[in-house]
Amino acid sequence: MPSLRQKTTKLSLRTQLQFLLGVLLAISSTIHAAEDFYKLLGIKRSATQKEIKKAYRSKSLEYHPDKNKEEGAAEKFAEIAYAYEVLTDEEKKNIYDRHGEEGLKQHEQRQGQGGGHGGFDDIFSHFGFNFGGGGGHRQREQTTPNVNIPLRVSLKQLYLGDTIEVEYVRQTLCVNWQECMKTNQECQGPGVKVRMQQIAPGFVQQVQQRDERCVARGKMWSSNCRACPNGQTQSEKIELTIDLQKGMYPGEPITFEGVADEKPGMNPGDLNFVVTPESHEHYHRDGDHLYVTMEIPLVDALTGFSHEFTHLDGHQFVVNVNDVTECDHVMRVSGKGMPRRRGRGYGDLFITFDVDFPETLTEEQKKGIRKILGGGSSGSSGGSDVHQD
């Protein structure tokens, strides 16, 4: 026969469970299947902020309690206001697009509780129950793959900087994707399914499988769902403005965070435009410096010269050479290179001179050169002539 203490313990436990059940019922009664925020405002998922504001003004006027006396108008007005608040807040909108209203509620709970776990786990923990292992361990949220696209630009664009408008087509979640989710405890994350398999009497093995229907822990995608007849995602064309800064290096990425393809249960990856310079007719670049090769005639190499260069942005500058220029001589012109990436002036320009020697000289020219320069062989020693082909 059980002791009085045992009866009291059982009664206490039963009382706690009844109380918890009452709490759960009270909470569940306050949770309602809210209408999709985009449907509520009558807009597409790809709507711009301007379109969201326009739709909000229209809907709020339609259901404003001072003008609409129908039953339920005030509640509808409040829902519209909340939808507008979420969709015009970038952080909240991203959470709602990825995790729906339930994910948004959990986010707001965590903020209100200083980063706590929120939800039912917190309620149970007050009564000594632990259904999650006690450590608050959370599975790290996965992201879809990053997308890298070459951005082909001219050397002039890199010298001056530029603003480039582009269109990008990505995959976004079906507007009604939440209606296509069903509970499946074997799903342990996106694409991961774990099941128990008996390998012998008394021995059970945990087997991990790939299953694309699993979109999150405990959530599976319903095949042939009417709410999303074309599948989990749909195409969306977005306009992006690329800020190409002066002096950017080849291979440097310009990143748009969270703009890659969307997928249920995952954060979207990043879209990277990778700077890919096109070759220039005259100049080539190495780091912050520019290089150019200039061909000069022999007479300029011997007597000096002035030459006017046209830079990448069209401005002109003059280089003066007064001394004898050797073949393949390199001259450095300070401050005529590329803009330094960190905004500390400009690199340098290096000019390589290629001396163009005449193919032939007349005897008179040869004598004149010898007379001017002096020295050298006169060619009259009686030896045989050597001709160079």
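The values are calculated or read from the model by the stated rules, or taken from the named source; none is laboratory data. This one's a predicted model, so the numbers in the text were calculated from it and none came from an experiment. Here Cβ is always computed from backbone atoms with ideal geometry, including for glycine, and neighbour counts include all displayed protein chains. In case anyone asks, the SASA skips ligands and DNA or RNA and just uses the protein heavy atoms, side chains included. Shrake-Rupley method; radii C 1.70, N 1.55, O 1.52, S 1.80 Å.
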Between GLU62 and ASP89, Cβ-based FRET efficiency (R0 25 Å, step 0.05) works out to 0.65
Modelling each spin label as a point 7 Å along the Cα-to-Cβ direction, I'd like the THR362/ASN146 distance in nm, to one decimal.
6.9 nm
Could you pull the accessible area for TYR82 with a 1.4 Å probe, rounded to 10 Å²?
60 Å²
Separation between the SER279 and GLU326 pseudo-spin-labels, each 7 Å from Cα along Cα→Cβ, expressed in nm?
2.9 nm
Quick one: accessible area per residue over the stretch 63-110, 1.4 Å probe, rounded to a whole number of Å²?
57 Å²
Accessible area per residue for the stretch 234-338 in Å², computed with a 1.4 Å probe and the full protein assembly in place, what is it?
55 Å²
Cα convex hull of the stretch 198-279, projected area averaged across orientations, nm²:
10.7 nm²
Show which lysines lie in cross-link reach of LYS93 when reach means a straight Cα distance below 26 angstrom and same-chain residues fewer than eight apart are skipped.
LYS39, LYS44, LYS50, LYS53, LYS54, LYS59, LYS76, LYS105, LYS182, LYS219, LYS237, LYS263
C-alpha center-to-center spacing [the stretch 189-237, the stretch 257-333] in angstrom:
53 Å
Carbon and sulfur %, accessible surface of the stretch 151-256 computed with the full protein complex present, 1.4 Å
45 percent
Virtual spin-label span in nm between LYS246 and SER222, 7 Å along Cα→Cβ:
5.9 nm
Which one, PRO277, THR255, MET266, is farthest towards the positive end of the dipole of the stretch 226-280 when Lys and Arg carry +1 and Asp and Glu -1 on their Cβ?
MET266
